[in-house]
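Remarks on the structure that follows.
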Amino acid sequence: MTAGQPPGPPAVPEEQGVGVSVAVPSVDAAPHSQPVAWRHRHLLDVDVLSADETELVMRTTDAMREVLGRPIAKVPALRGTNVTILFYEASTRTRVSFEVAAKNLSADVVNIATATSSVVKGESFLDTLRTIEALGAGMLVLRHAHSGAPYLAAEHFGGSVLNGGDGWHAHPTQAILDLYTMRRRLPGGTVAGRKVVILGDALHSRVARSNIWSLTAAGADLWVCGPATLVRGLEAWAGSGVGPASRRFTVTSDVNAALRDADVVMALRLQQERMSGGLLPSLREYSARFGLTRERLALARPGALVMHPGPINEGVEIAPDVAEGIQSVITEQVANGVAVRMALLYLLAGVRGPR
Amino acid sequence: MSGRQIMSADELRRATVRISHEIVEKQAGTNGLLLVGIQRRGVPLAHRIAAAIAEHESAQIPVGALDITFYRDDLSLVAQQPVVKGTSLPFDINGKTVVLVDDVLYTGRTIRAALDALMDFGRPSVVRLAVLVDRGHRELPIRADHVGKNVPTSREESVRVHLVEVDGEDSVEIERMADLAGGAPAA
């Protein structure tokens, strides 16, 4: 594993199963439909979620939103569970979102910022995991610069691993909260048949990769648009063989074609920290050609949703008046993120592995 | 339908109506009265009681739904997380008389969880409990104020309440656990 490698799907721990999960057949043909059972101990990416399981996450998230609306937005579901949040990369919203979510479920939360931990003394990744587990962690939320690191963690950690973002590879909770936000806002409550555009630096984006997965699986007409240097190889990602056969997916550098009649436009952060140079002539040129401005947004359908996973480079990939405009659901994404993470922590906590 | 029927649709209806009268009598009216059904079958029962009160008292009693999943004390024991059905308490419970409604009272653990959940929404002046069937075997110091039918059972038996709104018919059955194969979870 080297930082910044183009991520192929990493090896998957055995109990996750490889490839598309088949919807659990309704063997118990009870007169009233039994809800699908949740069987994942870890959440490493969205590619293992069946349509039924995604539906279960959405419904559980609805329940968590109701909890968040209460006078006391806290329930005892994870009382006694230690959730350790281990982030090897900078983050505000994802880390805080996980922390708030875990605390709302009454879990005990331990936060480890690697900059102030023994990691700087040279402790290995696996040693850190062993230490955290010995200190009582039952669930581990992990962010790592190396694609695939959570998969390695899942093989060695006795509890549940939640991927909080790994390298360029995956950011499953972001993809799920994006899907949830779209479904709440789109007429009909579904992304099926809707034109969704991911605009910008998809190459370095784990958010894009997880979203490509979940949105094409949900039946969206998905477009990824950006400079050729920042969308290269994405077609191959979509065609890597484990997705629904009938999905609609277009990669282009033609921003007008991409935005025309779009129902959702998701701008991505230009990840300057992952640029090894030579990918863009200049920030100004990027902004002029691919930035989401009011003029460009006018190509989309009236009322099209504007999304951004954050943090925003204002005036680079998105104009401030668009990010804060009436069509923007960016703050809603953040709020839904807490409910989605509560739902996932709750569901994962019900599946225990051999210790 | 494999078990032995212990309440018919008519008996179930009469018990619901009687409970509705008892609730109003105990409250000496309908002022400050709220009904809160416990998911799942407590919710339609609460609506039926409210409808009966509306009929004989000409008063509309607000009805809420309480999902106690997140408050269960056995989350670490069950193999899989129970599916959440949702809570909806679209009213202020502070200072009110809340009547919790459930289908079967057994160990009392569901009611314990429901009380915890309710208290997170405010401070009712009184909480009462109405159940369609009390089958005994309490594990906690909890009793019902209004009972449709007391049914002596053994722990090897399961009491299953069927309601039109959920199950397509009204009846209460009792059966041996050994006879159970899948289907709705026993109360």
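The values are calculated or read from the model by the stated rules, or taken from the named source; none is laboratory data. These numbers were taken from a predicted model, which means no experiment stands behind them. As a convention, Cβ positions derive from the backbone with ideal geometry for all residues, glycine included, and neighbour counts pool all protein chains shown.
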Item to check | Answer residue from region A:184-210, given it is of a type in the set (Gly, Ala, Ser) and not in a helix (DSSP H, G or I) and is surrounded by the most Cβ atoms within 10 Å (Cβ to Cβ) among those | outcome: A:GLY200
Item to check | Output for region B:142-165, where each listed residue is surrounded by fewer than 20 Cβ atoms within 10 Å (Cβ to Cβ), touching a residue at least 40 places away in the same chain (Cβ under 8 Å) and under 19 Å from B:ILE111 (Cβ atoms) | outcome: B:ASP145, B:VAL147, B:LYS149, B:VAL151
Checklist outcome for this item: Filtering region A:299-336 for residues that are over 26 Å from A:GLY165 (Cα atoms), among the small types (Gly, Ala, Ser) and free of Cβ contacts under 8 Å to residues at least 40 places away in the same chain leaves a count of 2
Item to check | Breaking point among (1) buried (at least 20 other Cβ atoms within 10 Å of the Cβ); (2) within 13 Å of chain B (Cβ to nearest Cβ); (3) more than 30 Å from B:ILE93 (Cβ to Cβ), for A:VAL83 | outcome: (2)
Checklist outcome for this item: Of the residues in region A:300-330, those that are crowded, with 21+ Cβ neighbours inside 10 Å and of a type in the set (D, E, K, R) number 1
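Quick grid of which residues meet (1) buried (at least 16 other Cβ atoms within 10 Å of the Cβ); (2) farther than 22 Å from A:MET182 by Cβ; (3) not assigned by TED's automatic domain parsing to the domain that holds A:ASP178:
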| site | (1), (2), (3) |
| --- | --- |
| A:THR250 | yes, no, no |
| A:ALA257 | no, no, no |
| A:GLN272 | no, yes, no |
| A:SER287 | yes, yes, no |
| A:ALA298 | no, no, no |
Checklist entry - Does region A:334-344 include one or more residues that are over 14 Å from the mean Cα position of the chain (by Cα), away from chain B (no Cβ under 14 Å) and of a type outside the set (Phe, Trp, Tyr)? => result yes
Item to check | Matching residues, region B:97-126, being more than 14 Å from every other protein chain (Cβ to nearest Cβ), farther than 20 Å from B:ILE174 by Cβ and crowded, with 19+ Cβ neighbours inside 10 Å | outcome: B:THR97, B:VAL98, B:VAL99, B:LEU100, B:VAL101, B:ILE111
Item to check | Scope region B:1-54; condition under 26 Å from B:GLY95 (Cα atoms), touching a residue at least 40 places away in the same chain (Cβ under 8 Å), among the β-branched types (Val, Ile, Thr) and not in a helix (DSSP H, G or I); matching residues | outcome: B:VAL36, B:ILE38
Checklist entry - Taking region A:86-102 as the search range and keeping residues that are out of contact with any strand residue (DSSP E or B) (no Cβ under 6 Å at 6 or more places or on another chain) and modelled with pLDDT of 95 or more, which one is surrounded by the most Cβ atoms within 10 Å (Cβ to Cβ)? => result A:ALA101
Checklist entry - What number of residues within region B:81-96 satisfy the criterion of being modelled with pLDDT under 95, surrounded by fewer than 12 Cβ atoms within 10 Å (Cβ to Cβ) and in contact with a Lys or Arg (Cβ under 9 Å, 6 or more places away or on another chain)? => result 0
Checklist outcome for this item: Among strands (runs of 3 or more DSSP E) completely within region B:63-159, the ones holding 1 or more residues that are of a type in the set (S, T, N, Q) are B:97-105, B:146-150
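The rows are residues; the columns are (1) of a type in the set (Val, Ile, Thr); (2) within 11 Å of another protein chain (Cβ to nearest Cβ); (3) more than 16 Å from the chain's Cα centre (by Cα); (4) in a loop (DSSP other than H, G, I, E, B).
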site: A:ALA37; (1), (2), (3), (4): no, yes, yes, yes
site: A:ASP47; (1), (2), (3), (4): no, no, no, no
site: A:MET64; (1), (2), (3), (4): no, yes, yes, no
site: A:ILE72; (1), (2), (3), (4): yes, yes, yes, yes
site: A:VAL75; (1), (2), (3), (4): yes, yes, yes, yes
Next on the checklist: Looking at B:GLN81, B:GLN60, can you tell me which residue is over 28 Å from B:ILE6 (Cβ atoms) and away from every other protein chain (no Cβ under 11 Å)?
Outcome noted: B:GLN60
Checklist entry - Before we move on, is B:TYR71 more than 15 Å from B:ILE23 (Cα to Cα), more than 14 Å from every other protein chain (Cβ to nearest Cβ) and among the aromatic types (Phe, Trp, Tyr)? => result no
